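Asker: Take a look at this one; I'll ask things after.
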Amino acid sequence: MTGRARITTSQMLGKLARVAAERSACLRHQHGAVVAVDGMVVSTGYNGPPRGFPHCAACARDRHEPGTRERLESCHAVHAEANALLQAGPRARGGDMYVTGVPCRNCARLIVQAGVRRVYVVGGFELGENAWDAAKVFAAVSVGFCCLDLKTGSVTYWRE
């Protein structure tokens, strides 16, 4: 085939994570995740309420002061990474995960426990507390943690 450049497999998987995010019912953030092994999709996930729960009419977090534990714990959403790992089951082992946001500390631990070997954050790192927490968890067990630029296909690894 000539005349048209193809996107890389990583770019395709990163774009699929963005599409998965569009399924999110969360009023505040829409996140998506894809688990792939050898470039093949094993599962997808997006953030939202657990099966059978009603979708939020208003964000429960808004009833609490910003920065408080109650604010975080009032949300009953399951994160995109957790949903993708639950769908993948043992097939996640040795795979890669493509996410639309930096995983929280809890999701980072789930990713490690599932045996994922590399995490691609689509679009860039937000250098906040989540990035540092995830980086520490991943570095402790040699899980690759990198940023995927969807336009160029370039990958930049996290450096402290």
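The values are calculated or read from the model by the stated rules, or taken from the named source; none is laboratory data. This structure is a prediction, so every number in the text was calculated from the model and none was measured. Cβ: placed from backbone, ideal geometry, glycine included. Neighbour counts: every protein chain shown. Just the protein is used for accessible areas: all its heavy atoms, side chains included, with ligands, DNA and RNA removed. Shrake-Rupley method; radii C 1.70, N 1.55, O 1.52, S 1.80 Å.
Asker: What's the total number of residues in the stretch 108-123 that are at pLDDT 95 or above, more than 16 Å from T44 (Cβ to Cβ) and small (G, A, S)?
Answerer: So the answer is 2.
Asker: Answer with yes or no whether K136 is under 20 Å from S10 (Cα atoms) and open to solvent by 60 Å² or more (accessible area, probe 1.4 Å).
Answerer: No.
Asker: Taking the residues in the stretch 97-121 that are touching a Gly at 6+ places or on another chain (Cβ under 8 Å) and open to solvent by less than 10 Å² (accessible area, probe 1.4 Å) as candidates, determine which candidate is farthest from A17 (Cα to Cα).
Answerer: Per the criteria, the residue is V116.
Asker: Go through the stretch 14-28 and give me each residue that's more than 12 Å from the chain's Cα centre (by Cα) and within 15 Å of V99 (Cα to Cα).
Answerer: K15, V19, E22, R23, S24
Asker: State whether the residues of the stretch 34-46 include one that is under 13 Å from the mean Cα position of the chain (by Cα) and not in a strand (DSSP E or B).
Answerer: No, the stretch 34-46 has no match at all.
Asker: To continue, here is another question. Can you find, within the stretch 139-158, the residue that is farthest from the chain's Cα centre (by Cα) among those that are within 22 Å of Q30 (Cα to Cα) and open to solvent by 40 Å² or more (accessible area, probe 1.4 Å)?
Answerer: K151
Asker: Separate question: In this structure, does P50 turn out to be part of a loop (DSSP other than H, G, I, E, B) and open to solvent by 90 Å² or more (accessible area, probe 1.4 Å)?
Answerer: No.
Asker: With surrounded by 14 or more Cβ atoms within 10 Å (Cβ to Cβ), at pLDDT 95 or above and in contact with a strand residue (DSSP E or B) (Cβ under 6 Å, 6 or more places away or on another chain) as the only criterion, which of A25, A77, A33, A82 stands out?
Answerer: Result of the check over A25, A77, A33, A82: A33.
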